[in-house]
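Quick notes on the structure that follows.
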Amino acid sequence: MKKFIIIFISILIFITIASIIFYFFIFTDDNTNSNTNLINNVSIKNDAYDISLENLPLEFSIEDAINSNYFVCGYEKNYNEDKLNTFISNIENRTPSSLRIAFSTPEGDVVLKELVLENDNIIFREDNRRDEFSSKEDRIIKESSFPVSDYRIVEDFLGETKYIYLENRNKDFNSRVFICSCFNTLEYNHNFQLIFKGRRDMGINTIIEKGTYLDYNVYSFAGDVFVKIDNVEISLKDAIINKQIDPQDIVNNCTLDVKENKNNVVFNEANDGGTRKYRYDLANQEPYSIIKCHTLDGNRDLYIGVPNMEFDGSTVDWLYYN
């Protein structure tokens, strides 16, 4: 009897040990594989910033990029956008830093880009090795260098799309190097009411010049432009100078009015790169139009004027005014 008990206990111990070994071998290995992608002995678990582009696995996914704190450009949502904003600030402050960018092509392939500020240069690297729909010779890592004293990062907006470029501080639009495009989150600004008062004796008048408060000129055409804030009416120029309103808020409101079919707006878009015209015919208020230029040659100006004004490709033309 005693011998039987000893044998039974020995078998029980053997089964227990075997079960423990089996558990750790199977489940721990599966867990490791599910959280860590090991290719060429490189772990990309949650910190791919420490791995050079060359050593990242070709199976690197958008989910990997999100988990590794890349700025991920989306069609309807961006991820880790604070990384982009921090890097732009660091460029202006000459603070050494880096930014990794990831996005999917329309076919679903992943493209990676990297910006590094070091030794007074902005290093721009593009990794197209995962883009199966690009030509074979383009599936490489390309590298360019730009002096930070001459170049900055600019953001260009067209509706719900934001374009990001490297731009020469002195040469403006024609020097731009495309980085990426992403979703532009818009919020409606209800804190002001735009008011236009037509004057047929007025032509094109500058409200705010480019470089003063923004990267495009704001004009009025055949009238004066005011805004009402907290039931107080002031000129649009004063409101911009006093930072009570950002001209981009006007454009954003126009975009959302069209999207949500609000405020009796009529919209059309030119084929010159994306110039957009918004015509408003509001009750108890003089009608007006807003033209936001977005031409291929870099004109981004904003015009606010009479309802039937048109854009001829470079400016508002008096020939269209009746």
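Hey, can you tell me all the residues within region 180-209 that are in a loop (DSSP other than H, G, I, E, B) and either among the polar types (S, T, N, Q) or free of Cβ contacts under 8 Å to residues at least 40 places away in the same chain (or both)? Step through it out loud before you land on a result.
Just the residues of region 180-209 that are in a loop (DSSP other than H, G, I, E, B), to begin with: 184-192, 199-203, 209.
Once the filter is applied, which keeps residues that are in a loop (DSSP other than H, G, I, E, B) and either among the polar types (S, T, N, Q) or free of Cβ contacts under 8 Å to residues at least 40 places away in the same chain (or both), region 180-209 yields N184, T185, N189, H190, N191, R199, R200, D201, M202, E209.
Mind counting the residues in region 120-130 that are assigned to a strand (DSSP E or B) and more than 16 Å from R176 (Cβ to Cβ)?
Pass one, region 120-130, residues assigned to a strand (DSSP E or B): 121-127.
With the extra rule that they be more than 16 Å from R176 (Cβ to Cβ), the set shrinks to 121, 123, 125, 127.
Residues in region 120-130 being assigned to a strand (DSSP E or B) and more than 16 Å from R176 (Cβ to Cβ): 4 in total.
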- Note on the structure: Checked region 284-305 for anything closer than 21 Å to N263 by Cβ and among the polar types (S, T, N, Q); matches are N284, Q285, S289
- Query: How many residues are surrounded by 14 or more Cβ atoms within 10 Å (Cβ to Cβ), within 30 Å of V154 (Cα to Cα) and either over 33 Å from the mean Cα position of the chain (by Cα) or of a type outside the set (D, E, K, R) (or both) when one looks only at region 196-212?
  - Reply: 4
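Would you tally the residues in region 135-151 being without any contact (Cβ under 8 Å) to a residue 24 or more places away in the chain and out of contact with any Phe, Trp or Tyr (no Cβ under 9 Å at 6 or more places or on another chain)? Steps first, please.
Of all residues in region 135-151, those without any contact (Cβ under 8 Å) to a residue 24 or more places away in the chain come to 135-140, 142-143, 150.
Retained after the next criterion (residues that are out of contact with any Phe, Trp or Tyr (no Cβ under 9 Å at 6 or more places or on another chain)): 135-140, 150.
The qualifying residues number 7.
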- Query: Can we say E114 is within 23 Å of L84 (Cα to Cα) and either under 17 Å from the mean Cα position of the chain (by Cα) or among the acidic types (D, E) (or both)?
  - Reply: yes
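Going by the conditions given, is N284 in a loop (DSSP other than H, G, I, E, B), surrounded by fewer than 20 Cβ atoms within 10 Å (Cβ to Cβ) and either in contact with an Asp or Glu (Cβ under 6 Å, 6 or more places away or on another chain) or at pLDDT below 95 (or both)?
yes
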- Is it the case that region 63-82 has a residue that's without any contact (Cβ under 8 Å) to a residue 60 or more places away in the chain, within 16 Å of I164 (Cα to Cα), of a type outside the set (V, I, T) and surrounded by fewer than 12 Cβ atoms within 10 Å (Cβ to Cβ)? yes
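Conditions (1) in a loop (DSSP other than H, G, I, E, B); (2) at pLDDT below 95, marked per residue:
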site	(1), (2)
N90	no, yes
E132	yes, yes
K142	no, no
S145	no, no
Y163	no, yes
F178	no, no
- Quick check: anything in region 258-270 buried (at least 20 other Cβ atoms within 10 Å of the Cβ) and aromatic (F, W, Y)? no
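The values are calculated or read from the model by the stated rules, or taken from the named source; none is laboratory data. Computed from a predicted model, the values in this text were never measured in an experiment. When we count neighbours, we look across all protein chains shown, and the Cβ atoms used for this are built from the backbone with ideal geometry, even at glycine.
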